[in-house]
1. So which residues in segment 154-192 are within 12 Å of the ligand (Cβ to nearest atom), of a type in the set (V, I, T) and closer than 20 Å to S85 by Cβ?
2. Just to be sure, is A92 of a type in the set (G, A, S), under 21 Å from A239 (Cα atoms) and more than 10 Å from the ligand (Cβ to nearest atom)?
3. Which is among the basic types (K, R) and surrounded by 22 or more Cβ atoms within 10 Å (Cβ to Cβ), of R228, R219, R248, R186?
4. So, in segment 111-132, exactly how many residues are at pLDDT 95 or above and within 13 Å of the ligand (Cβ to nearest atom)?
5. Mind checking which pairs have a first residue in segment 196-213 that is surrounded by 16 or more Cβ atoms within 10 Å (Cβ to Cβ) and a second that is of a type in the set (K, R) and assigned to a loop (DSSP other than H, G, I, E, B), Cβ under 7 Å, 6 or more apart or different chains?
6. Looking at (1) within 13 Å of the ligand (Cβ to nearest atom); (2) touching a residue at least 40 places away in the same chain (Cβ under 8 Å); (3) over 15 Å from the mean Cα position of the chain (by Cα), which is the only condition R72 fails?
7. Does A121 count as in contact with a helix residue (DSSP H, G or I) (Cβ under 8 Å, 6 or more places away or on another chain), among the small types (G, A, S) and without any contact (Cβ under 8 Å) to a residue 24 or more places away in the chain?
8. Go through (1) at pLDDT 95 or above; (2) farther than 24 Å from A97 by Cα for G285 and report which single condition fails.
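The values are calculated or read from the model by the stated rules, or taken from the named source; none is laboratory data. What you are looking at is a predicted structure, and each value in this text was computed from that prediction instead of being measured. Methodologically, a virtual Cβ is constructed for each residue, glycine included, from the backbone with ideal geometry; neighbour enumeration extends over all protein chains shown.
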Amino acid sequence: MSPEPAPVQRPPLDATRVREAMKSRGMGELWVSRATGSTNDDLVERAKAGRLAHLSVETTEHQEAGHGRLGRGWETPDRSALAVSIYFRPDAGFDPAGLPWLSMLCATAMVRTLSERAGLAAGLKWPNDVVAGGHKLCGVLAQLVLTADGPAVVVGAGLNVSQDRAELPVPTAGSVALLGGRTTDRTELMAGYLDRVAELYAGFAAVHGHADEPGPGDRVSLRQAIARHMVSIGHEVDAHLPDGTVLRGTAEDLGAEGALVLRDAAGKLHHVLAADVFHLRRSDGSYV
Ligand code: BT5
């Protein structure tokens, strides 16, 4: 008879530790719920209901009705994952053209966190996925909120932490545990992620949301920092458009407004915006 598998350890989040990490970066408030539908929806509601401090954070132990882009779902079992949403309320000097960059800023923060805390070689699959070992570990979803004080953005990240294969909804999904990450401590991963987001945002805000200008003390601009992590660059990819057509080309760069720059077989350049893409796949059929 084979031995019983060891029970998966899924301790609750330690809100005190997360608050300490947030405080050291001058972030806003933190709300931690036992269960909710969607942390993005909750934070959007709070933002609409009244003044929210910039860089406030909503998280939950169990997100029961998470959503992705284009009405797609996001599924994670109780205490197995991170569902964390951050409220960005840029000050008046911030160029609104910088707002669409916030989702890739957060994805980049997650790539760095996975490398630093979990020892995983993660990358960014344009436009909003964090991948490692050929699998999607994290998805990011940004929602614009029009407040009385001007435009704000809620950016939610869902990170698969301790799910086993049977708990993941699609074969392309992976988790930190399945990929052999050196920690599955959700508190550590969340604190690391928030720290990296706050750091990247501080540099971006200092240059008023201009993605092509390096922040003070940074050697590269936000656009270059993001592009360095992109796994598709140099590969032939298929951009599946909502009307069913497929645009095939070599991914060359990350362009203005966060567009993916593709060169087609005839040598023509195309700038593809995230909002216009149903999904992106490698032309050889592989996911990443
Ligand atoms: C995303 O959408 O990848 C964005 C997911 C954002 C989730 C966060 S969690 C906190 C916040 N609150 C929310 O309600 N949402 C955000 P998209 O690229 O559309 O990918 C969705 C697709 O990924 C689904 O159609 C499934 O195929 C797949 N999927 C669903 N759950 C997954 C999971 N746990 N891991 C990997 N893939 C998943």
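1. Residues satisfying the conditions are V154, V155, V161, V176.
2. Numbers: of a type in the set (G, A, S): yes; under 21 Å from A239 (Cα atoms): no; more than 10 Å from the ligand (Cβ to nearest atom): yes.
For A92, the condition - of a type in the set (G, A, S), under 21 Å from A239 (Cα atoms) and more than 10 Å from the ligand (Cβ to nearest atom) - is not met.
3. Working: R228 fails: surrounded by 22 or more Cβ atoms within 10 Å (Cβ to Cβ); R219 fails: surrounded by 22 or more Cβ atoms within 10 Å (Cβ to Cβ); R248 fails: surrounded by 22 or more Cβ atoms within 10 Å (Cβ to Cβ).
Sole residue among the options that is among the basic types (K, R) and surrounded by 22 or more Cβ atoms within 10 Å (Cβ to Cβ): R186.
4. Within segment 111-132, the subset at pLDDT 95 or above is 111-126, 129-132.
Those still in the list that are within 13 Å of the ligand (Cβ to nearest atom) too: 124-126, 129-132.
The qualifying residues number 7.
5. A198/R25
6. Of everything listed in (1) within 13 Å of the ligand (Cβ to nearest atom); (2) touching a residue at least 40 places away in the same chain (Cβ under 8 Å); (3) over 15 Å from the mean Cα position of the chain (by Cα), R72 misses just condition (2).
7. Working: in contact with a helix residue (DSSP H, G or I) (Cβ under 8 Å, 6 or more places away or on another chain): yes; among the small types (G, A, S): yes; without any contact (Cβ under 8 Å) to a residue 24 or more places away in the chain: yes.
The answer is yes for A121.
8. (1)
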